[in-house]
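> Mind having a look at this structure? Questions to follow.
The values are calculated or read from the model by the stated rules, or taken from the named source; none is laboratory data. This structure is a prediction, so every number in the text was calculated from the model and none was measured. Using ideal geometry, Cβ is built from the backbone for each residue, glycine included, and neighbour counts are taken over all protein chains shown. Each accessible area value is taken on the protein alone, full model and side chains, heavy atoms only, with ligands, DNA and RNA left out. Shrake-Rupley method; radii C 1.70, N 1.55, O 1.52, S 1.80 Å.
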Amino acid sequence: MLRKLPAILITLLALTALLVGCGEKGKTQENSADPRKAFAGTTLKVLLKTGYEAEAIKQFVGDFEQATGIKVEYEIYDEPTMRNKFILDSTSQTGAYDVVATQFWYMPEYLRAGWLEPLDSYIAEKSDAAWSSVRHIPQGLLAPYKGSDGKLYALPVSASGGVLIYRKDIFEQYKIPVPQTTEDVLAAAKSLKAAGVNVYPFVGRGDPSSASFGTSAGWAWAYGAKVLDGERVTINTPEMKHAMGDFVQLLRQYGPPNQAVIGWDVMSELFRQGKAAMNFDMSGFPSVYANKEVSSVADKIGVTLLKGPGGKYAQWMYSEGLGISRYSKNKEAAWLFIQWRTSLDVAKKEFEAGVRYDFVDPRVYEVPEYKEKTKSIEFFTSQLPEILASVDATYWPAIPEFEQVAQAFQKEISAAIAGSKTVDQALAIAQNEVEKIITKK
Amino acid sequence: MAATNKKLLLLLMLPAALVFLGLGVYPTVEAILISLSKYELTNPAAGRLFVGLANYKSMLADPRLWAAIVRAMWFMVVSVGVSLALGLLLALLLYRVRWCQGFFRIVFIVPMVTAPAVVSLNFKFMYNYDFGIINRILEVLHLPRFDFLGNPAVTMWSAIFVDIWQWTPLVVLVLLAGLESLPKEPFEAALIDGANPRQIFLHITLPMLKKFVLVAAVIRMMDALKVYETIQLMTAGGPGTASETLNLYIARVGFTWFDMGYCSALGIFTLYLITLLAWLLVRRTGVFGTKGD
């Protein structure tokens, strides 16, 4: 038996080679028939952040797998964990992830490090005619994903502006006019409190994390204040003092007592449970608040834009995209996935399933089914073009050190909301710390 | 023969020595080298530049660091102090009252074996001002709601309470084992001599239990200084930096800002700080037979 072993092994090897050869031939024939099947058998690793952007992938990724034969393994984390995983994977150059979610505020950091693959050649040479939506996305929404070389490094999946979301029923009950300015918001909060309303007049983000920086910085822009003016730190200015004075007063006097540790999750929970009358945040939230499955105030909300004393719109700029890791070994398959995720097909599924109603591809708003589906929240969807047009990126500190700058600023605002510092003290400390970060750069 | 045995011993020790060198010595040396560099993971083009003691000098002028150290010390002193006192009391009770002792021992193990992340998240929900069960109970009792996590004057106490809740059982179990190992004769002699319970406790039980108390204190001290999940998951160091301790700050520098040079300097500093504190405690008190034996 032992003497026959080499012969048996050789025969088995030959048979295996024959089978593999036949399999490959079959696969090639199949591939040539359908270009979407070109990467069948590939496994894509996708790194995502929690939120409605990831929800669509969870719900509909089976369609992509069926259409392409590509297996998708996704991981969903909170934003800091997701960023850590991408950074650690990129610095070790292992290519553990093929596709990564990219929040616009981290793009300068990722681009400086060179961790994302430019998409221009894929767009020019490897576009899927039915799935590709890049030519329909407004240039302004693509801008945060472009490098200084003019190349595009990610495709946006979502984009938000800043809106005030308010309870129509409460405002009608107390005969309070819908706020149009930041001053109106303060006046409305004061009136509601004086009238003894049984909910918090206002709720927003006040915790010390960088994810809450967008609220305070966006509110400040309505007053003409911003954190950085080029390389100059402009935190300790009269405009910022005015803006943060109003903002801290709003949260401290009219928000929940634990407002200084409330992030987006608790804020959203409070509003959805009908415990707050107003909420200033990104325009992605009305979709969530209007979803009857998760919100007890779904048919009671109104949405409006706010202007401040500086004559500018209050901002909550946010955008999330998908990019290809520079170290991915499946870049073309990853590109196919990104095209599918940003396609009109998936967008239709998203609004049909009630996942969200705000999109970066304006074609969605012209789809008859979209108009039918969003009739009940037309008050919001009809404002979307105006909301996106109000986005003004000039106030945002688009630098690789964003995380440090945002935390240095926001922790001080959080402390002021908690009452452990005055606004002036908080801004003076933040000015000093951000100057150090910028100088160190 | 002796030489052969010596060679065999060295050979047998080699795997352990290699593991120690690879997992203990090398990372420490590497961390020291990184602490002497300017090295940001998110800026690979800048590389790793030798800057000497610049990171250590930055530590001296970093008010956020010193505030975090003060908070960490405060956390440690209160948490360890209260858990030792409470642990001693509970251990004496369990030792005296034999009723359902097995059951209570199992109950005491539960907080210790629960992952700190699970404990912290549960307490975060229980402390919640609007939805938390503690405030619901206060409401039912017609008492005002209380802001456990958003009030800078209270937030550290809320975190300390969680730490005490989770780790007092460890002290109980260590001291209970100590009490059960004590010889009976001194107690019998004291009773015959007419000593009262207070005198027996102060002059016999406590001195004989000293080593067990110190072992529990050293373990708790090191744990309390290393606290991370409890605070990170409940307040993320907020409001502002009101609950930011040393470990939270180090994690922020290393894994949010990716400033590996400064983070390593902070890590080395913490290593020496904990070693110094543990050494002082052990040396001064003579536990583990370093003094007085």
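> Considering each residue of the stretch A:96-130, count those that are under 17 Å from A:Ala38 (Cβ atoms), outside any helix (DSSP H, G or I) and open to solvent by 10 Å² or more (accessible area, probe 1.4 Å), and give that number.
Final tally of qualifying residues: 5.
> When you look at B:Val218, is it at pLDDT below 90 and open to solvent by less than 50 Å² (accessible area, probe 1.4 Å), yes or no?
The answer is yes for B:Val218.
> Have a look at B:Leu266, B:Leu277, B:Leu248 and point out the one that is more than 14 Å from chain A (Cβ to nearest Cβ) and at pLDDT 90 or above.
B:Leu266
> Mind checking which pairs have a first residue in the stretch A:318-347 that is touching a residue at least 40 places away in the same chain (Cβ under 8 Å) and a second that is aliphatic (A, V, I, L, M) and open to solvent by 20 Å² or more (accessible area, probe 1.4 Å), Cβ under 6 Å, 6 or more apart or different chains?
Cβ pairs passing all conditions: A:Tyr318/A:Met282.
> Test of understanding: among A:Ile123, A:Ile76, A:Ile165, which residue is among the β-branched types (Val, Ile, Thr) and either under 30 Å from A:Leu306 (Cβ atoms) or without any contact (Cβ under 8 Å) to a residue 24 or more places away in the chain (or both)?
Values: A:Ile123 fails: either under 30 Å from A:Leu306 (Cβ atoms) or without any contact (Cβ under 8 Å) to a residue 24 or more places away in the chain (or both); A:Ile76 fails: either under 30 Å from A:Leu306 (Cβ atoms) or without any contact (Cβ under 8 Å) to a residue 24 or more places away in the chain (or both).
Just a single option satisfies the conditions, and that option is A:Ile165.
> If I filter the stretch A:47-62 down to residues being open to solvent by 30 Å² or more (accessible area, probe 1.4 Å) and free of Cβ contacts under 8 Å to residues at least 24 places away in the same chain, which single residue comes out as farthest from the other protein chains (Cβ to nearest Cβ)?
Here the residue is A:Gly62.
> Let me ask something else. Please enumerate the residues belonging to the stretch B:188-215 that are surrounded by fewer than 11 Cβ atoms within 10 Å (Cβ to Cβ) and either touching a Gly at 6+ places or on another chain (Cβ under 7 Å) or within 15 Å of B:Val172 (Cα to Cα) (or both).
Scanning the stretch B:188-215 gives no hits.
> For the subset of the stretch A:391-412 comprising residues that are farther than 15 Å from B:Thr241 by Cβ and among the hydrophobic types (A, V, I, L, M, F, W, C), which member is modelled with the lowest pLDDT?
A:Ala393
> Specify which of the listed residues (A:Val303, A:Val297, A:Val367) is closer than 30 Å to A:His242 by Cα and of a type in the set (A, V, I, L, M, F, W, C).
A:Val303
> Hey, another quick one. Residues that are under 19 Å from B:Tyr272 (Cα atoms), within 14 Å of chain A (Cβ to nearest Cβ), in contact (Cβ under 8 Å) with a residue 40 or more places away in the chain and of a type in the set (Val, Ile, Thr): does the stretch B:39-51 have at least one?
There is no residue in the stretch B:39-51 that is under 19 Å from B:Tyr272 (Cα atoms), within 14 Å of chain A (Cβ to nearest Cβ), in contact (Cβ under 8 Å) with a residue 40 or more places away in the chain and of a type in the set (Val, Ile, Thr).
> For the stretch A:63-93, which positions are farther than 30 Å from A:Val391 by Cα, within 14 Å of chain B (Cβ to nearest Cβ) and not in a helix (DSSP H, G or I)?
Of everything in the stretch A:63-93, just one residue is farther than 30 Å from A:Val391 by Cα, within 14 Å of chain B (Cβ to nearest Cβ) and not in a helix (DSSP H, G or I), namely A:Gln93.
> Going through the stretch B:173-217 one residue at a time, which ones are basic (Lys, Arg) and in a helix (DSSP H, G or I)?
If the condition is that a residue be basic (Lys, Arg) and in a helix (DSSP H, G or I), then B:Arg198, B:Lys210, B:Lys211 are the ones that fit.
> Suppose we filter A:Ser343, A:Ser382 for residues that are among the small types (Gly, Ala, Ser) and under 20 Å from A:Thr304 (Cα atoms); which single one remains?
Every option except A:Ser382 fails the conditions.
> Any idea how many residues of the stretch A:363-390 are open to solvent by 10 Å² or more (accessible area, probe 1.4 Å), in a helix (DSSP H, G or I) and in contact with a Leu (Cβ under 9 Å, 6 or more places away or on another chain)?
Residues in the stretch A:363-390 being open to solvent by 10 Å² or more (accessible area, probe 1.4 Å), in a helix (DSSP H, G or I) and in contact with a Leu (Cβ under 9 Å, 6 or more places away or on another chain): 4 in total.
> If you don't mind, there's one more thing I want to ask. Out of the residues in the stretch B:106-125 that are within 13 Å of chain A (Cβ to nearest Cβ) and touching a helix residue (DSSP H, G or I) at 6+ places or on another chain (Cβ under 7 Å), state the one that is nearest to B:Ala91 (Cα to Cα).
Among those that are within 13 Å of chain A (Cβ to nearest Cβ) and touching a helix residue (DSSP H, G or I) at 6+ places or on another chain (Cβ under 7 Å), it is B:Ala117.
> Okay, moving on. On the basis of being surrounded by 15 or more Cβ atoms within 10 Å (Cβ to Cβ) and polar (S, T, N, Q), does B:Thr275 make the cut?
For B:Thr275, the condition - surrounded by 15 or more Cβ atoms within 10 Å (Cβ to Cβ) and polar (S, T, N, Q) - is not met.
> Only helices (runs of 4 or more DSSP H) wholly contained in the stretch A:238-345 count here; list those with 1 or more residues that are open to solvent by 20 Å² or more (accessible area, probe 1.4 Å) and either under 30 Å from A:Gln93 (Cα atoms) or within 14 Å of chain B (Cβ to nearest Cβ) (or both).
Hits in the stretch A:238-345: A:238-254, A:264-272, A:331-341.
> A follow-up question, please. Residues being of a type outside the set (A, V, I, L, M), in contact (Cβ under 8 Å) with a residue 12 or more places away in the chain and within 14 Å of another protein chain (Cβ to nearest Cβ): count how many of those fall in the stretch A:169-201.
Residues flagged as of a type outside the set (A, V, I, L, M), in contact (Cβ under 8 Å) with a residue 12 or more places away in the chain and within 14 Å of another protein chain (Cβ to nearest Cβ) within the stretch A:169-201 amount to 1.
> Restricting to the stretch A:391-412, name every residue that is open to solvent by 10 Å² or more (accessible area, probe 1.4 Å) and either more than 14 Å from chain B (Cβ to nearest Cβ) or in contact with a strand residue (DSSP E or B) (Cβ under 8 Å, 6 or more places away or on another chain) (or both).
Scanning the stretch A:391-412 gives A:Val391, A:Asp392, A:Ala393, A:Thr394, A:Trp396, A:Ala398, A:Ile399.
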